[in-house]
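This report concerns only the one structure given below.
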Amino acid sequence: IGPNGAGKSTTIRSLLGLIFPTSGEAKIFGKDINRNKTEILSSIGYMPSEANFYSGMKVKDISSLSAKMHKKNCTDEAKKLCERLALDTEKRIEELSLGNRKKVSIVCALQHNPELCILDEPTSGLDPNQIEEVRSLIKEIGKTRTVIISTHILQEVENICDRVIIISDGKIVADSPTGELQEKFGQKIAVNLILEGCTF
């Protein structure tokens, strides 16, 4: 978690080998991503912050293309995820709202049952009902797999995560279980107003 521009997406892209760090190493599963990219990426599901797809393709074709890139048959799992997220697989991307395009991106990231799921701003642009759908799904898959989400929404972290890493200006400023962080920094302020002589 961190404000816009804190370095969240840059960190994720470095971990995935999409950009090269100027110094240091980026490791996943204990292996350097830039030396073992093919092996590591086959076990990862990634959802970028922006859902960019070929606008003329149908939802089912996008999920099928993504499955082929992972060299896996994901038809059954893709169908389950689309049903869970109320996605019409026959619709073209250009017919979908921003929220539903994000959900297509989630399907592509999760359908091959990756060992590690990395979701960048997974609920950005979703309406309240869609947010609850996606949060529920993330919590469910998080029971059996590792899920990393990037967000600037504190409520997202409180509802989904059991560990929080706060980034500011590209540096980690806090790293602890969610409960400990809430105890340390989660102060509540109550303001009582007493109004006299007011007419409502």
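The values are calculated or read from the model by the stated rules, or taken from the named source; none is laboratory data. Just so you know, these numbers come straight off a predicted model, no measurement behind them. Note that each Cβ is placed from the backbone with ideal geometry, even for glycine, and that neighbours are counted across all protein chains shown. In case anyone asks, the SASA skips ligands and DNA or RNA and just uses the protein heavy atoms, side chains included. Shrake-Rupley method; radii C 1.70, N 1.55, O 1.52, S 1.80 Å.
Summary of values
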quantity: Segment ARG92-GLU25, extension gain: residue separation times 0.36 nm, minus the distance between their alpha carbons; calculated: 20.1 nm
quantity: GNM flexibility winner over the chain from VAL173, VAL164, VAL104 (Cα, springs under 10 Å); calculated: VAL173
quantity: Label-point gap, in nm, between THR10 and THR75 - each point 7 angstrom along Cα→Cβ; calculated: 4.5 nm
quantity: Candidates THR123, THR151, THR178: whichever shows maximal mean-square fluctuation once the chain is modelled as a Gaussian network with Cα springs under 10 Å; calculated: THR178
quantity: Taking the chain and dividing mean pair separation by its residue count, relative contact order in percent (alpha carbons under 8 Å, at least six apart); calculated: 25 percent
quantity: Solvent-accessible area per residue, Å², over the stretch 34-114 with all protein chains present [probe radius 1.4 Å]; calculated: 56 Å²
quantity: Estimated translational D of the stretch 47-154 in µm²/s (Stokes, Kirkwood radius over Cα pairs; 10 °C; 1.306 mPa s); calculated: 115 µm²/s
quantity: Relative contact order (%) - the stretch 68-149, alpha-carbon pairs under 8 angstrom, separation at least six; calculated: 31 percent
quantity: Percentage relative contact order, the stretch 12-100, counting C-alpha pairs under 8 Å, at least six apart; calculated: 24 percent
quantity: Size of electric dipole in the stretch 7-143: Cβ of Lys, Arg +1 and of Asp, Glu -1, about Cα centre, debye, nearest 20; calculated: 340 debye
quantity: Axial C-alpha extent at least 15 Å, average Kyte-Doolittle at least 0.0 - helices from the chain (DSSP); calculated: 59-69, 98-110
quantity: Over the chain: helical MRE at 222 nm, DSSP H runs n ≥ 4 each giving -39500 (n - 2.57), nearest 500; calculated: -11000 deg cm²/dmol
quantity: Of all accessible heavy-atom area on the stretch 1-113, the percent that carbon and sulfur account for (1.4 Å); calculated: 49 percent
quantity: Listed pairs LYS37/LYS103; LYS37/LYS79; LYS27/LYS60; LYS103/LYS143; LYS37/LYS143; LYS31/LYS91 exceeding 31 Å between Cα atoms; calculated: LYS27/LYS60; LYS31/LYS91
quantity: Amide hydrogen neighbours beyond the local backbone of SER168, cut-off 5 Å, H modeled; calculated: VAL173
quantity: Pairwise centroid distance, computed over Cα atoms, of the stretch 99-145 with the stretch 40-75, Å; calculated: 13 Å
quantity: In Å², nearest 10: area of MET69 left accessible to a 1.4 Å probe; calculated: 150 Å²
quantity: Selected from LEU119, LEU81, LEU18 as most flexible by GNM, with the chain as the system and alpha-carbon contacts under 10 Å; calculated: LEU18
quantity: The chain - share of DSSP beta bridges that are antiparallel (%, nearest 5); calculated: 50 percent
quantity: Trypsin sites (Lys or Arg not before Pro) lying in DSSP loop within the stretch 65-134, provided at most 15 other Cβ fall within 10 Å; calculated: LYS71, LYS72, LYS91
